[in-house]
Each structure stands twice: as C-alpha cells, then as structure tokens.
1. Quick one: is residue 72 of a type in the set (A, V, I, L, M), part of a helix (DSSP H, G or I) and within 21 Å of residue 112 (Cβ to Cβ)?
2. Only one residue in 88, 66, 79, 60 is closer than 30 Å to residue 24 by Cβ, under 17 Å from the mean Cα position of the chain (by Cα), β-branched (Val, Ile, Thr) and at pLDDT 85 or above. Which one?
3. Taking the options 100, 46, 32, name whichever one is farther than 29 Å from residue 118 by Cα and touching a residue at least 40 places away in the same chain (Cβ under 8 Å).
4. Name every residue in region 82-103 that is closer than 14 Å to residue 35 by Cα and part of a helix (DSSP H, G or I), in order of residue number.
5. Being polar (S, T, N, Q) and farther than 25 Å from residue 79 by Cα is the filter here, so list the residues in region 1-56 that pass it.
Amino acid sequence: MRHGRRLIATPLLVALLAIEGSDIFFAAASIPSAFATTRDPFLLFPSNILAVLGLRSLYVVLAGSVRETKALRRGLAAVLLIAGAKIVVEPWIHVPAYVPVAAISACLVVAWTVGRLAGHAFLR
C-alpha cells in the first residue's frame with residue numbers, strides 16, 4: 001500500500017508472509033517422505049508443488065478428523081513409521097515404489113474405518 005510516496009506494509013502482508021512461509025516449511029518437511037516413495041526427481045518436484053498447493057486444505061480435513069478419533073492419530077504414526085523404514089532400508093533392500101504407497105494408503109483407510117465403526121468410545 002502506498003502512503004504518500006512510500007510503500008508501507010499492512011497486517012495483511014504480514015499474514016500472507018506467515019502463511020506462505022508455513023507452506024514452504026511444510027513442503028520442505030515433506031521431502032523425506034517423498035524420498036521414501038521414489039528417488040526419481042521427475043516425480044519428486046511435482047509432488048512437492050502439489051503438496052504446497054493442497055496442504056492447507058488437507059490439513060483442515062485431517063485436523064477435523066484427528067479431533068474425532070485417536071485411531072487416525074495411530075494411523076498417521078504408522079504412516080511416518082512406514083516412510084522412515086523405507087528410507088532406512090533403501091540402501092540395502094530395494095523396495096518398489098508401490099509397496100509404501102499401498103501400505104500408507106491401507107494404514108489411512110484402516111485407521112479411518114476403525115475410527116468410524118468403533119464409535120470412538122473405547123479408543124479415547
């Protein structure tokens with residue numbers, strides 16, 4: 001915004017910088033999990049771009065779901081364990097890319113299903 005001849009920063013600019021900074025931080029934090037799936041840079045670059053574009057909306061969905069059930073928390077913990085295990089064993093054992101993707105998908109589906117079907121009472 002201009003005030004006379006000078007440009008001034010408004011609180012909206014500060015909020016925009018904070019939001020975009022968090023997007024960049026979370027995109028950088030997702031690089032290890034992307035490397036857990038594949039080492040192909042052709043896939044890594046677009047996946048990080050799409051992560052930045054869809055991260056905020058996915059966070060809203062997951063935050064609402066995590067509040068409802070602890071099963072999803074356990075499922076997300078399993079996702080991190082799978083990604084970490086893939087990174088650790090990759091130098092010695094070749095794991096095809098579809099294996100961790102299928103395992104991660106299965107963990108999320110099972111955690112969501114258990115949370116929905118269990119009525120949440122015994123998981124809290």
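The values are calculated or read from the model by the stated rules, or taken from the named source; none is laboratory data. Remember, predicted model here, so these are calculated numbers, not experimental data. Virtual Cβ from ideal backbone geometry, glycine too; neighbours counted across all protein chains shown.
1. On the way: of a type in the set (A, V, I, L, M): yes; part of a helix (DSSP H, G or I): yes; within 21 Å of residue 112 (Cβ to Cβ): yes.
For residue 72, the condition - of a type in the set (A, V, I, L, M), part of a helix (DSSP H, G or I) and within 21 Å of residue 112 (Cβ to Cβ) - is met.
2. Values: 88 fails: under 17 Å from the mean Cα position of the chain (by Cα); 66 fails: at pLDDT 85 or above; 60 fails: at pLDDT 85 or above.
So the residue among 88, 66, 79, 60 that is closer than 30 Å to residue 24 by Cβ, under 17 Å from the mean Cα position of the chain (by Cα), β-branched (Val, Ile, Thr) and at pLDDT 85 or above is 79.
3. Details: 100 fails: farther than 29 Å from residue 118 by Cα; 46 fails: touching a residue at least 40 places away in the same chain (Cβ under 8 Å).
Result: 32 is the single residue among 100, 46, 32 that is farther than 29 Å from residue 118 by Cα and touching a residue at least 40 places away in the same chain (Cβ under 8 Å).
4. Initially, region 82-103 is screened for residues closer than 14 Å to residue 35 by Cα, giving 82-91, 94-101.
If the condition is that a residue be closer than 14 Å to residue 35 by Cα and part of a helix (DSSP H, G or I), then 82, 83, 84, 85, 86, 87, 88, 89, 98, 99, 100, 101 are the ones that fit.
5. Let us first name the residues in region 1-56 that are polar (S, T, N, Q), namely 10, 22, 30, 33, 37-38, 47-48.
Correct list: 10 only.
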